[in-house]
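Comments concern the structure below.
The values are calculated or read from the model by the stated rules, or taken from the named source; none is laboratory data. If you're wondering where the values come from, they're calculated on a predicted model, not measured in any experiment. Virtual Cβ from ideal backbone geometry, glycine too; neighbours counted across all protein chains shown. All accessible areas refer to the heavy atoms of the entire protein, side chains included, with ligands and DNA or RNA removed. Shrake-Rupley method; radii C 1.70, N 1.55, O 1.52, S 1.80 Å.
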Amino acid sequence: MSPLARAHAWARLAFQELRRTAATLLIERPLGVDTARIVDLASLGLAAPNRVDYEPSGWLDLRLILRRGEVTVDDVFLDLGSGKGRVLLQAAAYPFHRIIGVELSAQLMAIARTNVDRRRERLRCREIELIIADVVDYELPDDVTVVYMYNAFGGSVFRAVVDRLVASVDGNPRRLRLIYRTALEDEALLATGRFREVRSVPGLRPGRAWSRKMATRMYVIDPVTAPRADIHG
Ligand SMILES: C[S@@+](CC[C@H](N)C(=O)[O-])C[C@H]1O[C@@H](n2cnc3c(N)ncnc32)[C@H](O)[C@@H]1O
């Protein structure tokens with residue numbers, strides 16, 4: 001590694017650590033929750049190809065990409081790879097009908113459960129389901145309308161999930177929004193021909209390239225409309 005690349009890597013780590021410490025002191029402690037610390041799936045015996053370690057989204061990420069007026073009491077939110085539940089807590093500030101978190105690790109889910117229980121009285125949506133499962137085995141409920149993913153998995157797992165989202169919309173036609181943070185698999189998503197990017201919020205990071213990479217994007221899958229039958233007079 002060149003000295004410049006080393007300095008760059010060091011600056012990144014220092015920035016991330018600073019951000020984490022600030023979030024812990026200014027947000028997590030006052031809220032009484034614990035979501036900040038990164039956890040390696042290897043330390044939980046769960047590492048496998050295409051699985052990404054636990055690292056939380058930013059505390060403002062959902063609020064910046066999903067506007068208040070865009071959620072109604074008929075909407076259902078799903079975080080695929082929900083970790084310690086930081087995004088579930090953010091989603092619970094909206095008037096969702098129901099919120100679902102799916103997480104591989106029982107240990108991370110136990111922390112999420114404690115976090116949700118600590119905040120429950122103050123949440124707008126209190127109907128929160130916490131499901132311990134591999135997304136590969138998880139059957140998507142057909143009333144979900146907003147799906148969140150923070151780069152939780154890649155490769156074949158990502159493609160399987162995307163196929164399931166499309167099949168879910170085709171099975172129960174509805175407009176589904178996908179919020180994808182750090183959209184590393186953006187190409188696989190767009191290759192389906194069904195997702196349309198409608199919004200992007202750059203990550204709060206120093207440097208244009210880094211903030212673009214860490215952007216949160218919103219895509220929409222619309223139901224396929226049947227071709228209009230020709231009207232013969
Ligand atoms: C980058 S973290 C995101 C956590 C949370 N969504 C957030 O934004 O704060 C990715 C999470 O996905 C989980 N994960 C990775 N592969 C998974 C899989 N196949 N099924 C379910 N969860 C998975 C990890 O355990 C981790 O908690």
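Details
- Every residue from region 26-53 that is closer than 16 Å to residue 114 by Cβ, open to solvent by less than 60 Å² (accessible area, probe 1.4 Å) and in contact (Cβ under 8 Å) with a residue 24 or more places away in the chain: 31, 32, 33, 35, 39
- Evaluation of residue 186 against the conditions (1) under 27 Å from residue 34 (Cα atoms); (2) under 16 Å from the mean Cα position of the chain (by Cα); (3) more than 12 Å from the ligand (Cβ to nearest atom) shows that the sole unmet condition is (1).
Residue-by-condition table, conditions (1) open to solvent by 70 Å² or more (accessible area, probe 1.4 Å); (2) modelled with pLDDT under 95; (3) over 29 Å from residue 28 (Cα atoms); (4) touching a Lys or Arg at 6+ places or on another chain (Cβ under 9 Å):
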| site | (1), (2), (3), (4) |
| --- | --- |
| 162 | no, no, yes, yes |
| 167 | no, no, yes, no |
| 178 | no, no, no, yes |
| 185 | no, yes, yes, yes |
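- Residues located in region 113-139, provided they are within 13 Å of the ligand (Cβ to nearest atom), among the aliphatic types (A, V, I, L, M) and either in contact (Cβ under 8 Å) with a residue 40 or more places away in the chain or in contact with a Pro (Cβ under 6 Å, 6 or more places away or on another chain) (or both): 130, 135
- Candidates in region 35-76 are the residues that are in a loop (DSSP other than H, G, I, E, B), acidic (Asp, Glu) and closer than 19 Å to residue 97 by Cβ; of these, the one that is farthest from the ligand (Cβ to nearest atom) is 74.
- Filtering region 1-20 to residues that are polar (S, T, N, Q) and either more than 22 Å from the chain's Cα centre (by Cα) or open to solvent by 100 Å² or more (accessible area, probe 1.4 Å) (or both) leaves only 2.
- Evaluation of residue 128 against (1) farther than 17 Å from residue 66 by Cα; (2) within 17 Å of the chain's Cα centre (by Cα); (3) surrounded by fewer than 21 Cβ atoms within 10 Å (Cβ to Cβ) (one fails), failing number: (3)
- Pairs linking a residue in region 76-88 that is closer than 12 Å to residue 114 by Cα and open to solvent by less than 10 Å² (accessible area, probe 1.4 Å) to a residue that is assigned to a helix (DSSP H, G or I) and more than 7 Å from the ligand (Cβ to nearest atom), with Cβ atoms under 6 Å and 6 or more positions apart or on different chains, are 84/111; 84/112; 85/112; 85/115; 85/116.
- Note on region 140-176: residues that are over 20 Å from residue 98 (Cα atoms) and near the ligand (Cβ under 8 Å from one of its atoms) total 4.
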